[in-house]
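S.K.: The structure's right below; bear with me while I get my questions together.
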Amino acid sequence: MKVLVVEDDLSMRQYLEVLLRRMEYDVTAVNGLAAAQRALSAEVDLVISDMRLGTESGLSVLQVARERPSPPEVILITAYGTPATAVEAMRRGAYDYICKPFDNEEFKLLVLKALEKRTLLEENRRLRESLGAGALLLGVSPCIGEVRSLVAKVAQSRSTVLVTGESGTGKELVARAIHQSSLRATRPFLPVNCAALAEGVLESELFGHVKGAFTGAHSERQGLLVSAGEGTVFLDEIGEVPSTIQVRLLRVLQERTVKPVGSTGEVPFQARIVAATNRKLEDEVKAGRFREDLFYRLNVIVIHVPPLRERREDIRLLAEHFLQSFAQELGRPGLRLTEEALRVLESYDFPGNVRQLQNIVERAATLSDGPELGPPTLPAPVRGEPAPQVQVTETKLGPSFSVERHLDDIERQLLTAALREAGGVKTRAAELLGLTFRSFRYRLAKHGLSDIGD
């Protein structure tokens, strides 16, 4: 790891250089801003700068470092009694600061933590570059590595792929990775949530319709399967498709043609189909809710996306990735998760999986008052504390009482409580309430809650 020391005091500069070399780092030590600018033209992992550099400031060094394409972490050394300036430096993106005089062990631990973060971010960046299409399939765990390997293998074929996994695991990301890793990458990727559309709308959306096919069909419309051309159509929540459309989908997969609603003719299509489900389709077949022949037609190549609790070694990397993104959006480059917060996240089971982790990090970044995101910025259930319970209080009946309004109030409370418990993951919240996703979406819309959650 390469460390740049910026210190105008010769004895202090030499002292830091010796200390860091003993830690077996590649150290460059310079005495001012101009020399630091030249040194930063090469790759550097960590900058350690004094806050005061004669007439210059360590904040200027920080600014130059942050402008690098792959900015290094920055630790600033400040005199005792000037924490306000140091806090300002963290707000601008410094990793941390340390006051003089400092303890050697404390200093070395700070350096280790800063470089650990740098390693994570660089690993993140290298994965994004190497994966290309699968840039968001981040992780170092063997199971996510297996997913990436399968994506690479199936990308060049035309075979239908079924992506399985719990809600929030990243099934659409897998589908996008397949598409973008293939020769179809320059063609459209068209996702459709089969659970979110009414039967008639879904039918028209997939297969298209001719003019006059139904009320409101004022002109002919191509369905997604045809309009995608040689691209990819992603059928999310395929297990929610009504039985009548299952029959049509079976024929579509067998014949590679579609019949628009209201038409008597067949139209060929070239698009690849990738489907996804959070249900066990074998159980749905046994229960009579999913056609067995369609299941076997879809079940040619299966990619299972593991839940986050089975890849805990990826939680830290994913959390840092999400925080980096949100910090940039919020204009707060100095945001960072504390070691304690990361340990809390790594010990949590994440019923809502990666999407829940993303929502939790976004919440912490948005609501935090300072640059450090510690355990208090995380939701109570994540910290192992009981979530607030919905209280149904005794109701006084009177002339103005309305049972419909009262039940609506209770339903709204339960919907918001389920979303909070599920970390904003709507499919998970629907499961907690024993509702289908379609019914859950209807109730959210009824109460004006559609914008809450993912």
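The values are calculated or read from the model by the stated rules, or taken from the named source; none is laboratory data. Please read all numbers here as calculations on a predicted model, not as lab measurements. Don't worry about glycine lacking a Cβ; one is built from the backbone with ideal geometry, like all the others, and counts go over all protein chains shown.
S.K.: Could you go through the range 60-68 and let me know if any residue there is in contact (Cβ under 8 Å) with a residue 40 or more places away in the chain, touching a helix residue (DSSP H, G or I) at 6+ places or on another chain (Cβ under 9 Å) and in the same structural domain as Tyr97 (by TED's automatic domain parsing). It would help to see each step written out before you state the result.
M.R.: Going residue by residue through the range 60-68, those that are in contact (Cβ under 8 Å) with a residue 40 or more places away in the chain are 61, 66.
Filter again for touching a helix residue (DSSP H, G or I) at 6+ places or on another chain (Cβ under 9 Å), leaving 61.
From the residues that got through so far, the ones that are in the same structural domain as Tyr97 (by TED's automatic domain parsing) too are 61.
Among the residues of the range 60-68, at least one is in contact (Cβ under 8 Å) with a residue 40 or more places away in the chain, touching a helix residue (DSSP H, G or I) at 6+ places or on another chain (Cβ under 9 Å) and in the same structural domain as Tyr97 (by TED's automatic domain parsing), which makes the answer yes.
S.K.: Please enumerate the residues belonging to the range 404-446 that are buried (at least 17 other Cβ atoms within 10 Å of the Cβ) and of a type in the set (Gly, Ala, Ser).
M.R.: The answer is Ala417, Ala418, Ala422, Gly423, Gly424, Ala429, Ala430.
S.K.: Another one. Within the range 209-227, is there a residue that is crowded, with 17+ Cβ neighbours inside 10 Å, at pLDDT 90 or above, in contact with a Leu (Cβ under 9 Å, 6 or more places away or on another chain) and closer than 23 Å to Gly265 by Cβ?
M.R.: yes
S.K.: Within the range 422-454, how many residues are aromatic (Phe, Trp, Tyr) and without any contact (Cβ under 8 Å) to a residue 40 or more places away in the chain? So that I can check it myself, show each step before the final result.
M.R.: Filtering the range 422-454 down to residues aromatic (Phe, Trp, Tyr) leaves 437, 440, 442.
From what is left, the residues that are without any contact (Cβ under 8 Å) to a residue 40 or more places away in the chain are 440, 442.
Number of matching residues: 2.
S.K.: Hey, among the residues in the range 52-62 that are out of contact with any Asp or Glu (no Cβ under 9 Å at 6 or more places or on another chain) and modelled with pLDDT under 90, which one's surrounded by the fewest Cβ atoms within 10 Å (Cβ to Cβ)?
M.R.: Thr55
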